[in-house]
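Data block below; observations after.
The values are calculated or read from the model by the stated rules, or taken from the named source; none is laboratory data. Since we're looking at a predicted model, the values are computed, not measured. Because the Cβ atoms are built from the backbone with ideal geometry, glycine has one as well, and the counts that use them run over all protein chains shown.
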Amino acid sequence: MFEGLNSSFMEQLGLLGYPLLICSCLIMAIVIERVVYFFSTFPISKQLVDGIVKDKEIAVSAELEKRLQKNMFGSLILELIDNKSLSLIERENYANIRLGDIHGRLNRFLPILKILATISPLLGLLGTVLGMIDSFQMISSADKPITPSLVSGGISQALLTTAVGLLLAILALVTHALFQLRVSKIMMATTRQLNLVNLSLEKTNKNRNLSL
């Protein structure tokens with residue numbers, strides 16, 4: 001593909017080679033970190049929540065409580081149950097605050113990944129422009145007849161940075177979109193579970209008040 005490029009890859013990228021290398025390292029680091037994180041982070045299963053809400057009554061055994069404490073989302077359910085004495089609106093506000101904290105954890109580094117997806121092709125384009133300028137300066141100062149090989153070699157080197165920048169941008173955009181889908185799915189499942197537990201708590205409190 002790059003038969004005309006005889007020197008090292010970084011030399012062919014020129015002045016913008018190291019910024020593009022930094023971008024690629026950051027993108028790969030974020031992607032790997034988020035993949036590992038999402039593989040180890042999952043919401044509470046529907047079956048487990050059904051085990052908590054039995055006949056619209058809250059029931060958490062000691063064994064179930066230990067399982068919930070090991071999970072970030074399960075801990076949130078336990079916190080909601082511990083605050084059952086609060087009103088429905090107060091519990092909803094508390095749940096929303098805690099959901100905001102979880103949403104922040106799930107989205108960690110994703111804004112940076114989106115920024116890198118924007119910067120990478122711009123750096124590549126800048127490298128191409130600088131390379132084209134150098135090529136035309138070389139042509140203008142040449143004291144021998146201009147041959148196609150003289151022009152094509154400089155242009156191919158200049159376009160290499162754009163190709164690298166676009167590849168990095170595609171990788172960053174695709175992974176960012178996949179991570180966002182994962183975050184949305186987790187948040188929807190967790191919100192539904194919290195609403196179910198919260199409504200069950202409200203019914204339990206009303207039944208207790210009626211019995212008094």
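Among what's in the range 155-169 and is of a type in the set (Val, Ile, Thr) and in contact with a Gly (Cβ under 7 Å, 6 or more places away or on another chain), pick the residue that is surrounded by the fewest Cβ atoms within 10 Å (Cβ to Cβ).
The qualifying residue surrounded by the fewest Cβ atoms within 10 Å (Cβ to Cβ) is THR162.
Look at (1) among the small types (Gly, Ala, Ser); (2) without any contact (Cβ under 8 Å) to a residue 40 or more places away in the chain; (3) closer than 29 Å to LEU113 by Cβ and you find that ALA62 fails only one, number (3). Within the range 31-55, residues that are at negative phi and touching a residue at least 24 places away in the same chain (Cβ under 8 Å) reach partners that are of a type outside the set (Asp, Glu) and outside any helix (DSSP H, G or I) with beta carbons closer than 7 Å, at six or more positions or on different chains, in the pairs GLU33/PHE109; ARG34/PHE109; ILE44/ASN71; ILE52/ILE58; ILE52/ALA59; ILE52/VAL60. Within this structure, THR118 passes the test of being within 23 Å of the chain's Cα centre (by Cα), modelled with pLDDT of 75 or more and of a type in the set (S, T, N, Q).
Within the range 83-114, the set of residues being surrounded by 13 or more Cβ atoms within 10 Å (Cβ to Cβ) and of a type in the set (A, V, I, L, M, F, W, C) comprises LEU86, LEU88, ALA95, LEU99, ILE102, LEU106, PHE109, LEU110, ILE112, LEU113.
Do you know which of the residues in the range 172-212 that are small (Gly, Ala, Ser) and modelled with pLDDT of 90 or more is nearest to the chain's Cα centre (by Cα)?
From the range 172-212, those small (Gly, Ala, Ser) are 172, 177, 184, 189, 200, 211; that's our starting set.
Imposing the further condition that a residue be modelled with pLDDT of 90 or more reduces the set to 172, 177, 184.
Values: ALA172: 9, ALA177: 8, SER184: 11 Å.
Applying the filter and picking the extreme gives ALA177.
With respect to being crowded, with 17+ Cβ neighbours inside 10 Å, at pLDDT 80 or above and in a helix (DSSP H, G or I), LEU20 fits the description.
Every condition in (1) loosely packed, with under 13 Cβ neighbours inside 10 Å; (2) more than 17 Å from the chain's Cα centre (by Cα) is met by VAL36 except one, and the failing one is (2).
I'd like the residue in the range 83-114 that is among the β-branched types (Val, Ile, Thr) and touching a Leu at 6+ places or on another chain (Cβ under 9 Å) and, out of all such residues, is modelled with the highest pLDDT. Of everything passing the filter in the range 83-114, ILE112 is modelled with the highest pLDDT.
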